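Written out below as structure tokens is the structure these notes cover.
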Amino acid sequence: MQFGLNEEQEMIVSTVRSFVENEIYPHEDMVERSGEVPEEIAQRIKQKTIELGFYACNFPEEVGGAGLSHLEFALVERELGRGSMALTHFFGRPQNILMACEGEQKERYLFPAVRGERMDALAMTEPGAGSDVRGMKCSAVRDGGDWVLNGTKHFISGAEHADFVIVFVATGEDMTPKGPKKRITTFLVDRGTPGFTIRDGYKSVSHRGYKNMVLEFDDCRLPDAQVLGEVDGGFAVMNEWLYATRLTVAAFCVGRARRAFDFALDYAAQREQFGQPIGKFQGVGFQIADMITEIDAADLLTLAAADRLDKGLPSNREIASAKLYASEMLARVTDAAIQVHGGMGLMDDYPLERFWRDARVERIWDGTSEIQRHIISRDLLRPLGA
Ligand SMILES: Cc1cc2nc3c(=O)[nH]c(=O)nc-3n(C[C@H](O)[C@H](O)[C@H](O)COP(=O)(O)OP(=O)(O)OC[C@H]3O[C@@H](n4cnc5c(N)ncnc54)[C@H](O)[C@@H]3O)c2cc1C
């Protein structure tokens, strides 16, 4: 691994940083209070991202993306992490899984998503199936050459803006020595398809304005052309394209923690009690020291995991470690940033109480901390027969 960023990578960081400062920060308070992103602001962010050449920057150049490496994309996510997620959603990063599109699916889904003409959402989780994805009840059965989908997905981020969703459903079951195991297939479902409804979800304490929706499939009929990847191959496309999304969570957490840290550092230097800056008290100064040490550690874990991915090395454990550590680090850092601010840290005059609330979901989505620990420990113990 090479430490330090090259000129091009420094340029990516400074470009995205100034985008976030100029196009995202000014709208954050309004989105936080209203819980909504006005359409004209969403479109402006999208348009500016396209003009900057960063829309769908996670896609290869041959399909119209920016062709960034995993490491470069982690740098982008790290800078976006500083800003409101409800707003940075429109700095579009469609799901990489769309690379599995074949034939005319590319014209209908992949290319329009990369061009910013159609937005996607990804639906795996159900009320009865979260960590245990294979426990899903949502199913598709064959009927006269079509598929008929039934069931409910919940917690689906950004589905209110989605023109189509990428949905995982059970299409059968195999008997294995460990018991029955569901076969999963991935479908592309257009908004407006009869039998498919998108409705409001729950109100979350984290990321106001970045909504989660409930999807309902009620005898929703789809032709074979809507299958993404192979029938019963849902886990294969998931494993090929989705396991790295945890890295984006890690990178987000690092960026957000650095923004919280900047507030804490500044306050520790400016705020005076007992006739001196509070940062001079060891009790405060040491909190600052611990915060930056943890942030740097999470940053290095994240970039190292991205670098491994770029080199084609096995990186499942390293990505899990980065997601686990960075999301737990963010909880500690946002908490400490509030502590350094005393009572003012809890007031919405500062964004710290928001950062603290937002941080909570990072340990849950894209695989909870417990699931990441499971992945890490199994990776180490399985080869030893344990
Ligand atoms: C705001 C929000 C947005 C989301 N967006 C999306 C989205 O766009 N698309 C999507 O598909 N999903 C989305 N999710 C779902 C998210 O990925 C799940 O919430 C997450 O995977 C956990 O599932 P669960 O909430 O059902 O918890 P559960 O799986 O029920 O877990 C409950 C508790 O049990 C623990 N647990 C479960 N299994 C084990 C185990 N084997 N070992 C140890 N502990 C275990 C968990 O760690 C957790 O502490 C979103 C969730 C939220 C909150």
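From the list Ala236, Ala269, Ala244, Ala225, which residue is small (Gly, Ala, Ser) and either within 17 Å of Leu71 (Cα to Cα) or in contact with a Phe, Trp or Tyr (Cβ under 9 Å, 6 or more places away or on another chain) (or both)? Exactly one residue qualifies, and that residue is Ala244. Only a single item in (1) of a type in the set (Asp, Glu); (2) assigned to a helix (DSSP H, G or I); (3) within 16 Å of the ligand (Cβ to nearest atom) is not met by Asp299, and it is number (3).
Residues being assigned to a loop (DSSP other than H, G, I, E, B), surrounded by fewer than 16 Cβ atoms within 10 Å (Cβ to Cβ) and at pLDDT 95 or above are entirely absent from region 15-34. Residues in region 215-245 that are surrounded by 17 or more Cβ atoms within 10 Å (Cβ to Cβ) and under 18 Å from the mean Cα position of the chain (by Cα): Val237, Met238, Trp241, Leu242, Tyr243, Ala244, Thr245.
For region 246-272, the tally of residues that are among the aromatic types (Phe, Trp, Tyr) and within 23 Å of the chain's Cα centre (by Cα) stands at 2. Which count do you get for residues in region 100-114 that are among the aliphatic types (A, V, I, L, M) and either within 16 Å of the ligand (Cβ to nearest atom) or surrounded by fewer than 17 Cβ atoms within 10 Å (Cβ to Cβ) (or both)? Qualifying residue count for the region: 1. Cβ separations smaller than 8 Å between residues 6+ apart or across chains give no pair from region 204-226 residues that are without any contact (Cβ under 8 Å) to a residue 60 or more places away in the chain and farther than 13 Å from Arg360 by Cβ to residues that are of a type outside the set (Phe, Trp, Tyr) and away from the ligand (no atom under 14 Å from the Cβ). On the given criteria, is Leu381 among the hydrophobic types (A, V, I, L, M, F, W, C) and either away from the ligand (no atom under 16 Å from the Cβ) or at positive phi (or both)? Here the answer is no, as Leu381 does not meet what is asked. When you check Ala320 against the structure, is it surrounded by 22 or more Cβ atoms within 10 Å (Cβ to Cβ) and either in contact with a Gly (Cβ under 7 Å, 6 or more places away or on another chain) or in a helix (DSSP H, G or I) (or both), yes or no? When the stated conditions are applied, Ala320 passes them. Taken over region 115-138, the criterion of being more than 16 Å from the ligand (Cβ to nearest atom) and within 30 Å of Ile371 (Cβ to Cβ) is satisfied by no residue. Going by the conditions given, is Leu330 farther than 23 Å from Phe286 by Cβ, surrounded by 18 or more Cβ atoms within 10 Å (Cβ to Cβ) and in the same structural domain as Ile295 (by TED's automatic domain parsing)? When the stated conditions are applied, Leu330 does not pass them. Among the residues making up region 102-127, a single one is touching a strand residue (DSSP E or B) at 6+ places or on another chain (Cβ under 9 Å), more than 21 Å from Arg221 (Cβ to Cβ) and of a type in the set (Gly, Ala, Ser): Ala113. Scanning region 304-317 for residues that are within 17 Å of Met238 (Cα to Cα) and in a helix (DSSP H, G or I) turns up Leu309, Asn316, Arg317. For beta carbons closer than 6 Å, sequence separation of 6+ or different chains, a first residue in region 82-95 that is touching a residue at least 40 places away in the same chain (Cβ under 8 Å) and a second that is of a type in the set (Phe, Trp, Tyr) and assigned to a loop (DSSP other than H, G, I, E, B), the qualifying pairs are Met85/Tyr210; Ala86/Tyr210; Gly92/Tyr55. Restricting attention to region 335-386 and to residues that are under 19 Å from the mean Cα position of the chain (by Cα), part of a helix (DSSP H, G or I) and not charged (D, E, K, R), the residue that is surrounded by the most Cβ atoms within 10 Å (Cβ to Cβ) turns out to be Gln372.
Restricting attention to region 247-281, the residues being in a helix (DSSP H, G or I) and surrounded by 15 or more Cβ atoms within 10 Å (Cβ to Cβ) number 22.
Taking region 158-246 as the region of interest, the strands (runs of 3 or more DSSP E) fully inside it that hold 1 or more residues being within 30 Å of Glu72 (Cα to Cα) are 164-176, 179-190, 212-222. Within region 139-164, being closer than 14 Å to Leu215 by Cα and more than 9 Å from the ligand (Cβ to nearest atom) holds for Ser139, Leu149, Asn150, Gly151, Thr152, Glu160, His161, Ala162, Asp163, Phe164. When we screen Ala260, Ala269 for residues that are without any contact (Cβ under 8 Å) to a residue 24 or more places away in the chain, aliphatic (A, V, I, L, M) and outside the structural domain of Ala74 (by TED's automatic domain parsing), the only hit is Ala269.
The values are calculated or read from the model by the stated rules, or taken from the named source; none is laboratory data. Everything numeric here is computed off the predicted structure, so don't read it as measured data. Positions of Cβ are generated from backbone atoms using ideal geometry, with glycine treated the same way; all protein chains shown enter the neighbour counts.
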